[in-house]
Every structure is written in structure tokens, then in C-alpha cells.
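Below is one structure, written out as C-alpha cells; the observations come after it.
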Amino acid sequence: MRVRVLALCGGIGGAKLALGLSHVLPPEDLAILVNTGDDFEHLGLAVSPDVDTVTYTLAGLNNTELGWGLAGETWAFMDQLRLLGGEDWFNLGDRDLALHVERTRRLAAGESLSAITADVARRLGVAPALWPMADDPVRTVLDTDEGTLAFQRYFVGRRAQPAVRAIAYQGAQTARPNPDAMAALADPALEAVIVCPSNPWLSIAPLLAMPALRDALATTAAPVIAVSPIVGGQAIKGPTAKLMEELGLPVTASAVAGFYAGIADGYVLDETDRALQSDVAALGMAADVQPTVMHDLATKEALARAVLAFAERLRRAAA
């Protein structure tokens, strides 16, 4: 398998562009490397929220209103669990529950998360390659004004309300990145790496915290393009803006560009932030301006095409 485009992706926001890419590229040309820093064990089950969100989105099965989970989901399990006094702070739908049960069984039998993810994706009709960032565990942990919180306790249990002082990615220093992704990054056939507009500190940083993967991204011959998740000083989805404020960063698209300095060759700004092109250039990255807010499949596909065209321009300029 020779991948032409590798996408780095978190959950809801990143999955939108991943879906657009999957519609404009032949499936054999695209691979998607997904954050597993928010994976956790819940009720004895192995849960991989970002992997599942991307899988369901590419399979056309996702709940578009919630942004996560399955369309047409029912909640009898949660209702009964609540009646019994169980932990009900993290919702597991009745159909979604089957995936977590099966994943847990197969992990206990010795299969890798990568193998399970690939098989589930195939069974659900996902054509591009879908890779968890590592089979070794990496866990995002936040130092907050309420103490140390595992990612899901912070994000779901406390609805991202505690103020964040620092973030750690436990296990990242020793985790081995997905070998297929590493091979793709070293392959001269690779034409582009697309960092989807996911939360940089919660969805992309766990990938970059693995030294081997960060080095591979910094040295790959393919242009690396990051898409801003901040538009006009606001986050499209999730706590990105709040988190940036708490970490002492200006809530701007150019501040996010600074996060990718040394990794990205190009950075895509929304039309609203056209005036920030010079700030991006000062960081050593080429800037492109596009409509980045994805309302529907047409806008997802349009952004995917624009990002790929930008990568092609950078690739030709470097040739």
C-alpha cells in the first residue's frame, strides 16, 4: 500500500475534513492517523472516542446532531445503569456499546488496537486506511484548578469547565507510533500530510508528543499542511478558545500556527483571518486563505480539494 495523503485527525472537527478527503481521493490513496490520547477504560470496557467518531463519520453512521456516537441510537443501557446507581457521566449508546465490548474482548485476546480498528472499519464500509496513532497507551492528563484530571473526566465529566494549568501526555515518550504511518512518512510517494482542524493541544499534541512521530513529520519530504481550528478568534467546536486563554495564549489563528511551527510547511487560514497571513509567514510557513467552516458535505469536499491543491503548490515549489 502506497499512501499519497496522510491525514492527522482528532474527533468531531477533524473528522469533518477527513470525510471531505475521503470523498475527493481514491480510498487507496488516503490514510487517517487518529488520536488515541483520550482513550480510556470505562465500566471495564476499552473506549476509543476519537477513533470511533472518525470511523462512524467515514462510514456515514454518525450522529450529526451530537457530533459523536451513532445516528438513531437508543439509550436503554444507560437508563438501566442509572437506575442501578452506576456511573452515568459518560454516555454509551446501546449499539455503540457493542463496539466497546468487542474491542475489549479482542484486546484481551491479544489483538492490537490497530488490527481491531482496521477490521471494524472494513466491516462498517470505511474504505480509506484508518490507523490509531499507537498501539501503546498514551493518555492525556490535565492539571486543573480542581486537581489532576484524566481527559474524559475533564472533557465529559466536568464539561471542560475546570481551568487548565498544564497538559501531559503520559506514555508518549515511550509509545511506538503506528508503523504504517511511519512508513508512509518515509515514503517518497507521499504527496501531502494534512493536519485536520482538531484541537491542537487535546487532539493533535498527543501524536506530536511521540518523539519518533514528531521527527518523522518534521523531516518528511511531503508538505505538511495544518488547517486552523480558530476562525475570527473563536473555536468552531469544543474548548479550544477557553484552553488557549487558560494557557496564556492569544485566541487567534496565528497563535495556533505557532503551535505547528517546525512541523508544518503550510497553514490554512479562514477568509475571516486573511489579515494574519503575514504572521504565519513570519513563523516560516506558507499561508493560504480558504473558507474553512464546514457546514455540509459540499463544504467539506471543497476544503479538502483546496488543501490538497495548496499542498501540491508547495510540493512543486520545493521540487
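For the stretch 36-67, name all the residues that are open to solvent by less than 50 Å² (accessible area, probe 1.4 Å), assigned to a loop (DSSP other than H, G, I, E, B) and of a type outside the set (D, E, K, R). Talk me through it step by step, then tell me what you get.
Restricting attention to the stretch 36-67, the residues satisfying the condition of being open to solvent by less than 50 Å² (accessible area, probe 1.4 Å) are 36-40, 42, 44-59, 62-63, 67.
Next cut, assigned to a loop (DSSP other than H, G, I, E, B) only: 36-39, 44, 48, 59, 63, 67.
THR36, GLY37, GLY44, SER48, ALA59, ASN63, GLY67, listed by residue number.
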query: Can you find even one residue in the stretch 234-252 that is open to solvent by less than 50 Å² (accessible area, probe 1.4 Å), among the β-branched types (Val, Ile, Thr), outside any loop (DSSP other than H, G, I, E, B) and in contact with a helix residue (DSSP H, G or I) (Cβ under 7 Å, 6 or more places away or on another chain)?
result: no
task: Filter the stretch 169-189 for residues that are open to solvent by 40 Å² or more (accessible area, probe 1.4 Å), under 15 Å from GLY37 (Cα atoms) and in contact with a Leu (Cβ under 8 Å, 6 or more places away or on another chain) and give the result.
output: none
statement: Given (1) open to solvent by less than 30 Å² (accessible area, probe 1.4 Å); (2) in contact with a Gly (Cβ under 8 Å, 6 or more places away or on another chain); (3) closer than 12 Å to THR55 by Cβ, TRP131 misses just (2)
- prompt: Applying the selection to the stretch 130-182, what residues are in a strand (DSSP E or B), closer than 25 Å to LEU19 by Cα and out of contact with any Pro (no Cβ under 8 Å at 6 or more places or on another chain)?
  reply: LEU130, TRP131, PRO132, PRO177
message: Being open to solvent by less than 30 Å² (accessible area, probe 1.4 Å) and out of contact with any Gly (no Cβ under 8 Å at 6 or more places or on another chain): is that true of LEU124 here?
response: no
- request: Quick one: in the stretch 73-83, of everything that is among the aliphatic types (A, V, I, L, M) and within 21 Å of ARG153 (Cα to Cα), which residue is most open to solvent (accessible area, probe 1.4 Å)?
  value: LEU81
field: Unique match (being among the acidic types (Asp, Glu) and touching a helix residue (DSSP H, G or I) at 6+ places or on another chain (Cβ under 6 Å)) among ASP94, ASP79
entry: ASP94
query: Of (1) open to solvent by 60 Å² or more (accessible area, probe 1.4 Å); (2) outside any helix (DSSP H, G or I); (3) in contact (Cβ under 8 Å) with a residue 60 or more places away in the chain, ARG315 satisfies all except one. Which?
result: (2)
- request: Go through the stretch 142-155 and give me each residue that's surrounded by fewer than 17 Cβ atoms within 10 Å (Cβ to Cβ) and either in contact (Cβ under 8 Å) with a residue 12 or more places away in the chain or of a type in the set (Asp, Glu) (or both).
  value: ASP143, ASP145, GLU146, ALA150
- request: Output the number of the condition that LEU70 fails; it satisfies all remaining conditions of (1) at pLDDT 95 or above; (2) open to solvent by less than 60 Å² (accessible area, probe 1.4 Å).
  value: (1)
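The values are calculated or read from the model by the stated rules, or taken from the named source; none is laboratory data. Owing to the predicted nature of the structure, the values given are computational and were not obtained by experimental measurement. Positions of Cβ are backbone-derived with ideal geometry, glycine not excepted, and every protein chain shown enters the neighbour counts. Ligands, DNA and RNA are stripped out before the accessible areas are found, and what is left, the full protein with its side chains, is counted by its heavy atoms. Shrake-Rupley method; radii C 1.70, N 1.55, O 1.52, S 1.80 Å.
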